[in-house]
Amino acid sequence: MEEGGIKLGEIELEIPPNVSFTTTSAIHDFIKDSPMQKLVNWGRKNSLWFMTHPMGCCGIEQICVGVAHYDTDRFGIIPRASPRQADVMMISGYVTKKYLPALKRVWDQMVEPKWILMMGECAISGGPWWESYSTVINMDEIFPVDIYIPGCPPRPEALLEGFIELQKKIVAQKDRTVIPNPADGEV
Amino acid sequence: MGDEQAAIQVIDKTIMIELSDKFPDVVSDVDVPSPNRAIARIDPSKVHEIMQFLLDKGFDHLSCISGVDYPPDKMEVVYHVTSYSGPLVITLKASVPRDDPNIDSLCDIYWNANWYERETYELYGIKFNDCPYLKVLLLVEEMEGEWPLRKDYAGYPNPT
Amino acid sequence: MTHEATQITSPPKPSEMLLHLGPQHPLQPGPFLLDLKIEGETIREAELKIGYIHKGMEKVFEDRTYIQILPLTDRICYLASNSNNDVYCRGMEELLGIEPTDRAKYLRVLTNELCRIQSHLLGIGEYTTDVGFLTMFIYMVRERESVVSLLEAITGSRLNHNYARFGGVAQDLPPGYKEMALKSLGKLKELIKSHDDMMSSDSIYLKRTKGVGTLTAKEAGELGVAGPPLRAAGVNYDLRRLEPYLVYDELDFNVITQTDGDVFSRVKVRLLEILESIYIIEQCLDQMPSGPYKQDVTPYITRPEPGEVYSRIEDPRGEMGMYIISDGSDKPYRFRIRGPAFATAQALPPLLIGTYVADVAAIAASMDSCTSEVDR
Ligand code: SF4
């Protein structure tokens, strides 16, 4: 319980009477250690909505994989246009100095739990443009990446395989997603 | 189509001669390497008049403006001008000094010169006088002044 | 047309507001930032900010040998990778003084046209999602898969084909290709016709697109655009006809034009061009001479004579040019890429002035500019 008010970013909120806030995450901690977490993970793994966010050549394969023919809907993987509705972000192409701030912001806009997939050589290591003056490499130092899908561009099958690996990781609870803990003070 | 093509060909053959007749001291090294290509060197101070002349002659499409760096002392601005009704591409090269590269802007003749000029400016540092909006287009703003496509640019390969 | 049309000149007045579209947006493949100053629903000023995936290609190319550049030209615009390979190879052939074999010329035309079909299909598909016609997007991507399979059978990859070589192509047609292609393309032709019917008879779609974002022939010429947006305005400008390269002068085809220059005609041009490309491919398959598909010796270590060349091609999006300056070494001295999408993207802000916010997506997507190529 905090004195006086609760801080939401910049804004200070008055706590209304008869309302109490908790900063411990009892429910979260309870679920985490119980078999319930398995159920939660099962649900998460089967609804991996990804953000259509084509950035380079790999982005075309990303578009193709979401519809008709390859139809990721079979695995509960649906393309969404908005970061707010998505669970998975794919970095599908060249990240440049100009785009990196925007990309970080898009990543911050996504709600947890969220995962990140590296699609293609460009995202993983810079690809053909690794030594260029305007690209940024070593993206894994910036984002918590779960799956790397090599290829230039990877085939849609490889992308599907990447998603399936991610699902396995989620079930095994080995993924790197950040689940916010209210005890850390972040709301 | 046949007649049209023939008419265009006639224009093609004469335009370079007309150009060098009209601007005798300004246009030099005229070369016609293939039927659809012509190359000439021009004086950078007269680029505006030459382009206006070409536009009046029907060369209504500016394909491209590029910079080329020849260290240590000169840079070139290369214009590719062509027409919507004929296959001839005229390549015009203007040399500018490398320590103070500047040339007149073509924005008031060809509308689409604007982005090409901005691009050449940010990559080579060539200033286009009277260009209405000369600032970086492709690079991050902090990189203005690094001129990455010059041959002596130190940031390539990227050290990271 | 004024230069003010490309930028936002003043901060918004109290009755106006600034709207940022992007850089992450679902409009097109690739990020860009479109700043709109709007008053109510009307756009007063627009500014397009690009460079979010600027890779410094021209600098990278100056540091690669000629043969290493070949696969990288795919990545300039991945939807037009065959055209890019071809224009680069033709430029290099001119510098090296070699000619592709006859069969290779036909093979290149074949792959260029297949590439045009798949690019147009994806372009129309994305555009239809933006106007809220999701069904068509799914159809288009489905149809595209069949064309991609045809390309994959020849080149071995789905995207970034890297097919043309100096003086030839990478490999010959697989056995039984002609029958497979004719069957698949015949089906595609029927489907495209029915999609065309569906699009031009849907009254909501027509209301959404007719008379929106009109670009007249004169304006288009002033703005310097080429390709489908220009042909939709009625200008008969097609480099395949104007400057016939490869074997286009031996083939029979029409240059598709429309008269209105609005969103509807731009998409219609693309749809009809697909049919025209299918016709070209059928002729290619019929007329293709037998013989070697590449030179006996492919020059792998290439040191062209000092010189320069500007070669261009009718890309799915317009005029693609490459200006290569050689200084006699094994790397180009200067490699300039003149992309068609750069010109198209530049023409977008003036087109948006005075239209409604709801139409931005339709207009932007109907120009079909590929951000990767705009930024290079
Ligand atoms: S990895 Fe290759 S295919 Fe993918 S975006 Fe990079 S260059 Fe394009």
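Would you say C:Pro229 is closer than 30 Å to C:Met92 by Cα and in a helix (DSSP H, G or I)?
Details: closer than 30 Å to C:Met92 by Cα: yes; in a helix (DSSP H, G or I): yes.
It is true that C:Pro229 is closer than 30 Å to C:Met92 by Cα and in a helix (DSSP H, G or I).
Checked against (1) part of a strand (DSSP E or B); (2) more than 8 Å from chain B (Cβ to nearest Cβ), C:Ala341 passes all but condition (1).
For (1) under 22 Å from C:Arg165 (Cβ atoms); (2) buried (at least 19 other Cβ atoms within 10 Å of the Cβ); (3) in contact with a Cys (Cβ under 9 Å, 6 or more places away or on another chain), each residue gets a yes or a no:
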| site | (1), (2), (3) |
| --- | --- |
| C:Glu219 | no, no, no |
| C:Tyr237 | no, yes, no |
| C:Arg240 | yes, yes, no |
| C:Asn254 | no, no, no |
| C:Asp262 | no, yes, no |
| C:Ile274 | no, yes, no |
| C:Tyr279 | no, no, no |
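Screening C:Arg240 against (1) within 13 Å of another protein chain (Cβ to nearest Cβ); (2) assigned to a helix (DSSP H, G or I); (3) within 16 Å of C:Thr344 (Cβ to Cβ) leaves a single unmet condition, (3). Scan region B:44-60 and tell me whether some residue there is at pLDDT below 85 and in contact with a Gly (Cβ under 7 Å, 6 or more places away or on another chain). The answer is yes; a qualifying residue exists. For A:Lys168, the conditions (1) more than 16 Å from the ligand (Cβ to nearest atom); (2) buried (at least 19 other Cβ atoms within 10 Å of the Cβ) are fulfilled apart from (2).
Looking at C:Ile124, C:Ile138, C:Ile154, just one residue is more than 16 Å from the ligand (Cβ to nearest atom) and surrounded by fewer than 21 Cβ atoms within 10 Å (Cβ to Cβ), and that residue is C:Ile138.
In region C:169-187, is there at least one residue being closer than 24 Å to C:Ala365 by Cβ and modelled with pLDDT of 85 or more?
Within region C:169-187, none of the residues are closer than 24 Å to C:Ala365 by Cβ and modelled with pLDDT of 85 or more.
Every condition in (1) of a type in the set (Ser, Thr, Tyr); (2) within 30 Å of A:Gly151 (Cβ to Cβ); (3) at pLDDT below 85 holds for C:Thr214 except the one numbered (2). Just a yes or no: is a residue in region C:253-269 assigned to a loop (DSSP other than H, G, I, E, B), more than 29 Å from C:Ala361 (Cβ to Cβ) and either within 14 Å of chain B (Cβ to nearest Cβ) or of a type in the set (Ser, Thr, Tyr) (or both)? For region C:253-269, residues assigned to a loop (DSSP other than H, G, I, E, B), more than 29 Å from C:Ala361 (Cβ to Cβ) and either within 14 Å of chain B (Cβ to nearest Cβ) or of a type in the set (Ser, Thr, Tyr) (or both): present. Based on what the data block shows, is B:Tyr70 over 20 Å from C:Leu239 (Cα atoms), aromatic (Phe, Trp, Tyr) and under 17 Å from the mean Cα position of the chain (by Cα)? Spelling it out, B:Tyr70 is indeed over 20 Å from C:Leu239 (Cα atoms), aromatic (Phe, Trp, Tyr) and under 17 Å from the mean Cα position of the chain (by Cα). In the set C:Pro316, C:Pro350, C:Pro332, only one residue is touching a residue at least 24 places away in the same chain (Cβ under 8 Å) and within 10 Å of chain B (Cβ to nearest Cβ); that residue is C:Pro350. For B:Leu149, the requirement of being modelled with pLDDT of 85 or more and of a type outside the set (Ser, Thr, Tyr) is not met. Among the candidates C:Leu173, C:Leu159, C:Leu151, the residue that is within 19 Å of the chain's Cα centre (by Cα), of a type in the set (A, V, I, L, M, F, W, C) and part of a loop (DSSP other than H, G, I, E, B) is uniquely C:Leu159. A search for C-beta distances below 6 Å between a residue of region C:221-233 that is closer than 13 Å to C:Asp262 by Cβ and more than 8 Å from every other protein chain (Cβ to nearest Cβ) and any residue that is among the polar types (S, T, N, Q) and in a helix (DSSP H, G or I), counting only pairs 6+ apart in sequence or on different chains, returns C:Ala232/C:Ser265. Out of the residues in region A:73-101 that are farther than 14 Å from A:Met139 by Cα and without any contact (Cβ under 8 Å) to a residue 24 or more places away in the chain, which is surrounded by the fewest Cβ atoms within 10 Å (Cβ to Cβ)? Per the criteria, the residue is A:Arg74. When B:Pro148, B:Pro97 are checked against the criterion of being over 26 Å from C:Ala347 (Cβ atoms) and in contact with a Leu (Cβ under 7 Å, 6 or more places away or on another chain), B:Pro148 stands alone in meeting it.
Restricting the search to region A:150-165, which residues are within 15 Å of the chain's Cα centre (by Cα) and within 18 Å of A:Pro54 (Cβ to Cβ)? Selection gives A:Gly162, A:Phe163.
Select the helices (runs of 4 or more DSSP H) contained entirely in region A:41-157, then report the ones holding at least 2 residues which are within 16 Å of the ligand (Cβ to nearest atom) and within 14 Å of chain B (Cβ to nearest Cβ). Before you say what the answer is, go through the steps one by one.
Details: elements: A:57-66, A:100-109, A:121-125.
Filter on region A:41-157 gives A:100-109, A:121-125.
Entry remark, region C:345-354: residues being surrounded by fewer than 20 Cβ atoms within 10 Å (Cβ to Cβ) and either under 19 Å from C:Pro228 (Cβ atoms) or of a type in the set (A, V, I, L, M, F, W, C) (or both) number 1 in total.
The values are calculated or read from the model by the stated rules, or taken from the named source; none is laboratory data. Since the structure is predicted, the reported quantities are computational estimates derived from the model, not experimental observations. Please note: Cβ atoms are built from the backbone with ideal geometry, for glycine as well, and neighbour counts cover all protein chains shown.
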